[in-house]
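S.K.: Below is a structure I'd like to ask you about.
The values are calculated or read from the model by the stated rules, or taken from the named source; none is laboratory data. Keep in mind that what you see is a predicted model, and the values were worked out from it rather than measured. In this analysis, Cβ positions are derived from the backbone assuming ideal geometry, glycine residues included, and neighbour counts consider all displayed protein chains. Side chains are part of the model used for accessible areas, which takes the heavy atoms of the whole protein and leaves out ligands, DNA and RNA. Shrake-Rupley method; radii C 1.70, N 1.55, O 1.52, S 1.80 Å.
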Amino acid sequence: MPDSPDNSDSPPWDGEPQDEQQPTAAELEAAGQNSMFGDAQTPAEEPVEPDAVTVPVGPSSPPAVAAPAREDAQPYRVLARKYRSQTFSELIGQEPMVRTLANAIERDRLAHAFLMTGIRGVGKTSTARLIAKALNCVGPDGNGGPTIDPCGVCEPCRAIAEGRHIDVIEMDAASHTGVDDVRDIIEQVRYAAVSARYKIYIIDEVHMLSRNAFNALLKTLEEPPAHVKFLFATTEVEKLPVTVLSRTQRFDLRRIPSELLAKHFRYICEQEGVEAEDEALRIIAASAEGSVRDGLSILDQAIAHADLEEGSKVTALRVRDMLGLADKSAQRSVLTHLLEGDANALLSAIEEQYALGVEPIALMRALMDLVHKITVAQVSGSDPDAPSEEERAALGQFVQRLGAGELHRLWQLLLKGHDEVRQAPDPLVSLQMALLRVLHASGLPDPGELAKRIEELASSAPAAAAAPISTTETVGGETARQDASATGRLADWEELVDRIDKAGQLRVAQMMRDRVRVVELSPEKLVFEQADSFPDDPVPDMRDALFKLTGKRWMVEKGSGEAFPSLREQAEAKAAAARDRVLSDPLVKATLDAFPDAELIEADKNVASASGRKWN
């Protein structure tokens, strides 16, 4: 008996007409967004007539499908995500890397593993995704090959950009650190790609993998299948084992220059329909410290911080207030008070900036940046780096006013104060004390000029002391007469002692310098007077040393008569004369008057080498 329609094997709904249009994927996604975040606020519609009747939906009615949500209904995406680079041409500041990849793709010399490293927010993960798109792009017609300019419209490009491509696997190594996670990768690489040209593994923060995980990955990383590419990204490349580094092609992504960041932020403001001052964008770019993501986050905050009354314009004043930075004119005023020694005005300026919300560490850093700009302008001879003509003129006055030594001293004092403010329990008090120290130090004499002048005096003093002496000098309580004719014998004696010293007879040479006052010196004859009262007899040692030096027997004996001072006594006399000349200089006297506890310290304590002595 034939089956009745009521007993058909096919489901009853198969026979129903399919006239009703099914919801699309976009409509279903919009409906899910509305259920999670609520419907968007729509403009007020025309009022419904009072007699209008709302017809309830009956059970037999088809299920209602939410209308496609407008773009405004989507949740807000921060600028760092909204303007993530989708092509290599949008990747700013990394031209060398892009050129290398373009040449590698064109010449078909693609490595099997790439390592992107650099500070946060310079495009490491974005670069990895762009490489994945470049390798798997098939072009709008579906017949293209690897290219440095992926089309962005083919299915692989769109799927990779949306993070849903089955053959591009992204793994966060910070949350998948173990060897089991790597074992899953090793098991999967054996299978070919499902729909793409290459199966690509993007491992972010790869330095977080454990040592065992790295070891497990080594063999696969060295000889992966032809259809597999590894893309690593990390901010701490020094933590990667050298065995991993040697198996990858490394790209060091550079910090983005502030000028390029400011230009990029200007473009984004134009796309967002936001008006922003150039100085405000320069402040944001400087605060980003070379990171695009950091800068976009600050820009996002600055747009939200802008006054609605001013048309949501991003102003430099608002950005400084948001970041707790000091105004440029206030920074120059603080530096002026430091240089003029006005302590009361300095403290008042610090209190004023603190009341305006400027952090003490930010003010200290701003002063350091100001000193750096002045120093660079002075060294290069160019105009100071400043956005406005007024600020360039003000910095130019500092360039003309301050010397190189003063600038370097200011930098050292501010650098020391910066560390103190950063670590102090009360940053404001520490800032005040640090800047007061700088203020009082600015009135001290320049140590560079002072040291140079003292060194010149000291270098000329020994030459004057070595001149022929025809007066009576008191040495060690004894009197010795010297005249110009004795200079030659003294030079011969000093040379003879030096030769004995160089021959290796160090003890005898030192004894001859310290204890021997020459009475008579001639070839193979030495008559001397002993300068000390030691009971031992130095004659045998000197006779033996002279024989070893010259190969001749010398007559060495003690005698009496007009004896010259020993070499040690001559050095002490020269040193004392040089010291007296230095101390009698008006500049040194002024220094000692300014620093009553100061002492003149000898650079070399060896009085035997007093000639050529330098002073500090």
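Yes/no per residue for (1) within 21 Å of Ile202 (Cβ to Cβ); (2) modelled with pLDDT of 90 or more; (3) open to solvent by 20 Å² or more (accessible area, probe 1.4 Å):
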{"position": "Ala64", "(1), (2), (3)": "no, no, yes"}
{"position": "Ser85", "(1), (2), (3)": "yes, no, yes"}
{"position": "Phe88", "(1), (2), (3)": "yes, no, no"}
{"position": "Ala104", "(1), (2), (3)": "yes, yes, no"}
{"position": "Asp108", "(1), (2), (3)": "no, no, yes"}
{"position": "Met116", "(1), (2), (3)": "yes, yes, no"}
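S.K.: For the subset of region 223-240 comprising residues that are of a type in the set (A, V, I, L, M) and surrounded by fewer than 19 Cβ atoms within 10 Å (Cβ to Cβ), which member is nearest to His176 (Cα to Cα)? Reasoning before the result, please.
M.R.: At the first step, the residues of region 223-240 found to be of a type in the set (A, V, I, L, M) are 226, 228, 231, 233, 237, 240.
This time we only want the ones that are surrounded by fewer than 19 Cβ atoms within 10 Å (Cβ to Cβ), so: 226, 237.
Working: Ala226: 25, Val237: 18 Å.
That would be Val237.
S.K.: I'd like the residue in region 334-379 that is open to solvent by 50 Å² or more (accessible area, probe 1.4 Å) and hydroxyl-bearing (Ser, Thr, Tyr) and, out of all such residues, is farthest from Ala316 (Cα to Cα). Quick ask: steps written out before the conclusion?
M.R.: We begin by selecting, within region 334-379, every residue open to solvent by 50 Å² or more (accessible area, probe 1.4 Å); these are 340, 342, 344, 347-348, 351-352, 354-356, 359, 361, 365, 369, 372, 376, 378-379.
Of the ones still in play, those that are also hydroxyl-bearing (Ser, Thr, Tyr) are 348, 354.
Numbers: Ser348: 24, Tyr354: 18 Å.
Only one residue fits best here, namely Ser348.
S.K.: State yes or no: is Gly290 more than 27 Å from Leu402 (Cα to Cα), within 26 Å of the chain's Cα centre (by Cα) and of a type in the set (Gly, Ala, Ser)?
M.R.: yes
S.K.: Do you know which of the residues in region 171-222 that are outside any helix (DSSP H, G or I), of a type in the set (Val, Ile, Thr) and open to solvent by less than 10 Å² (accessible area, probe 1.4 Å) is nearest to Gly145 (Cα to Cα)?
M.R.: Only one residue tops the list, namely Ile200.
S.K.: While we're here: Suppose we filter Val519, Val527, Val508 for residues that are open to solvent by less than 70 Å² (accessible area, probe 1.4 Å), outside any helix (DSSP H, G or I), out of contact with any Phe, Trp or Tyr (no Cβ under 9 Å at 6 or more places or on another chain) and at pLDDT below 85; which single one remains?
M.R.: Val527
S.K.: Another question, if that's okay. Within region 276-321, count every residue that is in contact (Cβ under 8 Å) with a residue 24 or more places away in the chain, open to solvent by 30 Å² or more (accessible area, probe 1.4 Å) and not acidic (Asp, Glu).
M.R.: Counting residues in region 276-321 that are in contact (Cβ under 8 Å) with a residue 24 or more places away in the chain, open to solvent by 30 Å² or more (accessible area, probe 1.4 Å) and not acidic (Asp, Glu) gives 10.
S.K.: In addition: I'd like the residue in region 532-558 that is assigned to a loop (DSSP other than H, G, I, E, B) and at pLDDT 80 or above and, out of all such residues, is most open to solvent (accessible area, probe 1.4 Å).
M.R.: That would be Arg553.
S.K.: Quickly run through region 574-585 and pick out the residues that are touching a residue at least 12 places away in the same chain (Cβ under 8 Å) and out of contact with any helix residue (DSSP H, G or I) (no Cβ under 7 Å at 6 or more places or on another chain).
M.R.: Filtering region 574-585 for residues touching a residue at least 12 places away in the same chain (Cβ under 8 Å) gives 574-575, 577-579, 581-583, 585.
Of everything in region 574-585, those that are touching a residue at least 12 places away in the same chain (Cβ under 8 Å) and out of contact with any helix residue (DSSP H, G or I) (no Cβ under 7 Å at 6 or more places or on another chain) turn out to be Arg579, Leu583.
S.K.: Okay, moving on. Would you say Glu259 is part of a helix (DSSP H, G or I), open to solvent by 50 Å² or more (accessible area, probe 1.4 Å) and without any contact (Cβ under 8 Å) to a residue 12 or more places away in the chain?
M.R.: no
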